[in-house]
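The values are calculated or read from the model by the stated rules, or taken from the named source; none is laboratory data. Everything quoted here is computed from the prediction, not taken from an experiment. Because the Cβ atoms are built from the backbone with ideal geometry, glycine has one as well, and the counts that use them run over all protein chains shown. Note: accessible area is taken over every heavy atom of the protein model, side chains too, but ligands, DNA and RNA are not part of it. Shrake-Rupley method; radii C 1.70, N 1.55, O 1.52, S 1.80 Å.
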Amino acid sequence: MTQDELKALVGRAALDYVVPGEIVGVGTGSTVNQFIAALATVKDRITGAVSSSEASTARLAALGIPVFDCNEVGELAVYIDGADEIDVRGYMVKGGGAALTREKIVAAQSRRFVCIADESKLVRTLGAFPLPVEVIPMATGRVMRQFGALGAQASVRLKDGRPLVTDNGQHIVDVTGLKIDDPLGFESTVNQWPGVVTVGVFAHQKASVCLLGTPQGVRTLDFTQ
Ligand code: 5RP
């Protein structure tokens, strides 16, 4: 099976976690795009969605799924999103699509985080994937030096030769050379650095469940035990 087929498999499997009549939290990325396509087939059974990016909002709206603002709704039953890395405890690195801040907001507003990913995303230790950090532009130099002091390498993410601008008007710093043994502590520490909007470690908002796409089918990892 190709990686795209594995993403489609878990995108469809995530429908089992959608609560009829409710508003579902929707993440961002190529795996979530497969989920959105599946969600469109049951759109008459849900009230709508809360989205974590302008890209997902446009996709949901184009398929006729009503999109609500976070502030219009209360707690959500479930948030469904992908990951760049997930470990066996449900801790994740996210933000490859630059949507990490809104993703963390919607995840925090949801009772359950269902991560959908192909099996390549399962890792022993977080940090091989370049860690995305959303940073206020005037602080990128200082934040990159702070990562340098940790022995890591950081660079501003570019798009068409210029710093990428997120949906929130900020920049993304990508960090390589990290080995994140203590995701909870690391997330808390980096989030305290002045100018950091959000670090792409999702430990305080970890996954409740991961639906992992494998050639043998969907493997379900439950992190609530
Ligand atoms: C976007 C994200 C995505 O969930 C993550 O990058 C995985 O994307 P994909 O499903 O395309 O592999 O965090 O900010």
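At a probe radius of 1.4 angstrom, the accessible area of region 131-198 per residue rounds to 52 square angstrom. How high is the FRET efficiency between Ala58 and Ala108 when r is their beta carbon distance and R₀ equals 25 Å, given to the nearest 0.05? About 0.60, to the nearest 0.05. Rg and Dmax of region 85-133, based on Cα coordinates, read 11.0, 29 Å.
The slack in the chain from Leu15 to Arg89, taken as 0.36 nm per residue of separation less the alpha-carbon distance, amounts to 24.3 nm. Ligands, DNA and RNA aside, Asp182 has an accessible area near 90 Å² when probed at 1.4 Å.
Apolar share of the accessible surface for region 131-198: 54 percent from carbon plus sulfur atoms, 1.4 Å probe.
These residues, Phe223, Phe68, go from largest to smallest accessible area, 1.4 Å probe, as Phe68, Phe223. Evaluated at q = 0.28 Å⁻¹, the base-10 log of the normalised Debye intensity for region 131-198, with identical point scatterers placed on the Cα atoms, takes the values -1.37. Across region 155-162, coupling constants 3J(HN,Hα) worked out from phi with the 6.51/-1.76/1.60 Karplus curve, θ = phi - 60°, read 8, 7, 5, 10, 9, 6, x, 10 Hz, and Gly and Pro carry x. The Rg/Rh ratio for the chain, using Cα coordinates for both the radius of gyration and the Kirkwood hydrodynamic radius, is 0.96.
Counting lysine pairs in the chain whose alpha carbons fall under 21 angstrom apart, excluding pairs fewer than 8 residues apart on the same chain, gives 14.
Computed across region 111-225, the Kirkwood hydrodynamic radius from all distinct Cα-Cα pairs reaches 15.5 Å.
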